[in-house]
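Worksheet for the structure shown next.
The values are calculated or read from the model by the stated rules, or taken from the named source; none is laboratory data. All figures in this text were calculated on a predicted structure; none of them were measured in a lab. Heads up, the Cβs are rebuilt from the backbone with ideal geometry, glycines too, and the neighbour counts pull from every protein chain shown.
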Amino acid sequence: MRLFKATYKNRNGAKCKSQKWYLDFSDHLGRRHKMPAFESKRQSEALGRQIEELISCKVAGQRPDAEQQRWLEAVPDKLRQRFVKIGLLDSQRAAAGKLLRKHIEDFKASLLAKGNTKEYIDTVIARICRVVMECKFNAWTDISASKVQRAISTLRKSTVVKIKKINGKKVEKSKLKDLGEISAQTKNYYLQAIQQFCKWMVQDRRAGESPLEHLKGVRVLSTNRRHPRRSLEPDEIRQLLQTTRAAPERFGMQGYERYLLYRLACETGLRAKELKKLTASSFDFENLTVTTIDAYTKNRKQSVLPLRKDTAMELYTHLANKTSSAKAFKIPYKTANMLKADLADAGISYIDDAGRYVDFHSLRHTTGSLLAASGVHPKVAQTIMRHSDINLTMNRYTHIFRGQESEAVAGLPDLSLPSKESHKAKATGTDGKNCLDICLAKSGAINQNVPDRTGQTNPHNDVNNTYKRVRDRSRTGDPWNHNPVLYPTELLSPLRE
């Protein structure tokens, strides 16, 4: 590679040197190129070294390393396009210099090509755009981890309020109403969205590495949840179903249809979005199963869930007059408002004394709690709930019903009963004492094995008195010490003689 300054003639015909330095080099195919560099010789030499490294990577068939990627992302777009034209860089790598909104549009198209739903795509793109607008990013190289973290931590929850009248005059106007800081879990959703976009940039070979890969989400504590949920008690579920079944039409659904919807949600754990997309063909009444649509599940996987036989019979009657492509339920957009009204009719509080809510997703919590109370194995419960982590099933979606703790404590062993050793001692009558001493004490005899009594005459040594002393039991090696009831004295005397 040669570094030089070009010469040219001015209007007067005099020879002059260019202000910029030029690079003369041969690419990976042996073709010679002349490229303008910078006015500074040091910067021009550094550019030449970087070009030589790109040529070496191209000859070796290797991709540029992380350091070269960062350098390529920082160079002017015009220079990157020149590398693309020469063949040292592919068009995808050169796209890093495009405006960030162009990359976001391409990312949106890729999500659509993967079969994601419109609602999911709109939510993810809206979160990405809000973070980008808060941080004022225009290009890929502007993305900074510290700025993203700071912007997400200060995000506020807001809504658009339309003002129709001002000073008695009709004026069409709208403004944002601040509803306070967003929850910790929502902050994690924003971070996941922008990280997903950066990861796609790397996978699509538009960038070398993600500047947000090392960022971690906010720890979500149970005490920090803005909308904690609880599960319904079994009696509350029965009361809700009975009341709803006889209730009139509400939110475009008949009472019986709402009753079937709540019952199906409690027994299968299906989410509201999954229930909305069920059709008549989703149910297999021969095998008693219901199949979800993979595009509308949270893990994007199709699931086949079992149905109770009695529930399947009622669903069969409900769907008998519908075509296979017709929706199973006419569920409104706001399922929480519908359930809230039915809970009020059943006399069940929407918010309990602990501040926990009973919205439509609480029916999924009820499913997990009912499975646990029924003694279902945790692995089976995890499969029915379709969770990737057993901790999510047991910690988040399993609640304790009223009275379960008292029943568990009442089922503990009675600790006031005597121990087994004490029971054995009372059964033999020894109570921990020496058996020979007990027998001698009952018979009134004296123990001859005591050292200070050795050699003394025992007035009770007569054999005829022995059986009267020992009475019903004796634990000695003397063959004559037997129960006098079984062996009378008059029978044993001839044997002794």
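Filter segment 108-149 down to the residues that are acidic (Asp, Glu) and farther than 15 Å from Leu212 by Cβ, then identify the one that is surrounded by the fewest Cβ atoms within 10 Å (Cβ to Cβ).
Result: Glu119.
I need the full set of residues from segment 307-336 which are among the hydrophobic types (A, V, I, L, M, F, W, C) and either within 18 Å of Ala280 (Cβ to Cβ) or in a loop (DSSP other than H, G, I, E, B) (or both), in order please.
Hits for segment 307-336 are Leu307, Ala312, Met313, Leu315, Leu319, Ala320, Ala326, Ala328, Phe329, Ile331.
Take Ala373 and tell me if it is surrounded by fewer than 18 Cβ atoms within 10 Å (Cβ to Cβ) and either in the same structural domain as Gln242 (by TED's automatic domain parsing) or touching a Ser or Thr at 6+ places or on another chain (Cβ under 9 Å) (or both).
It is true that Ala373 is surrounded by fewer than 18 Cβ atoms within 10 Å (Cβ to Cβ) and either in the same structural domain as Gln242 (by TED's automatic domain parsing) or touching a Ser or Thr at 6+ places or on another chain (Cβ under 9 Å) (or both).
From the set of residues in segment 217-235 that are assigned to a loop (DSSP other than H, G, I, E, B) and at pLDDT 90 or above, which is nearest to Ala139 (Cα to Cα)?
Arg230
In segment 29-51, what residues are under 54 Å from the mean Cα position of the chain (by Cα), surrounded by 12 or more Cβ atoms within 10 Å (Cβ to Cβ) and more than 15 Å from Arg82 (Cβ to Cβ)?
Listed by number, the residues that qualify are Gln43, Glu45, Ala46.
Would you check which residues across segment 349-361 are surrounded by fewer than 22 Cβ atoms within 10 Å (Cβ to Cβ) and either touching a residue at least 60 places away in the same chain (Cβ under 8 Å) or within 20 Å of the chain's Cα centre (by Cα) (or both) and list them?
Passing the criteria: Asp352, Ala354, Gly355, Arg356, Tyr357, Asp359, Phe360, His361.
Does Lys322 satisfy being surrounded by fewer than 17 Cβ atoms within 10 Å (Cβ to Cβ), of a type in the set (Lys, Arg), touching a residue at least 60 places away in the same chain (Cβ under 8 Å) and at negative phi?
When the stated conditions are applied, Lys322 does not pass them.
Look at segment 363-395 and say how many of its residues are in a helix (DSSP H, G or I), among the aliphatic types (A, V, I, L, M) and free of Cβ contacts under 8 Å to residues at least 12 places away in the same chain.
2
What's the number of the condition Tyr22 fails, among (1) surrounded by 15 or more Cβ atoms within 10 Å (Cβ to Cβ); (2) under 39 Å from the mean Cα position of the chain (by Cα); (3) modelled with pLDDT of 85 or more?
Among (1) surrounded by 15 or more Cβ atoms within 10 Å (Cβ to Cβ); (2) under 39 Å from the mean Cα position of the chain (by Cα); (3) modelled with pLDDT of 85 or more, Tyr22 violates only (2).
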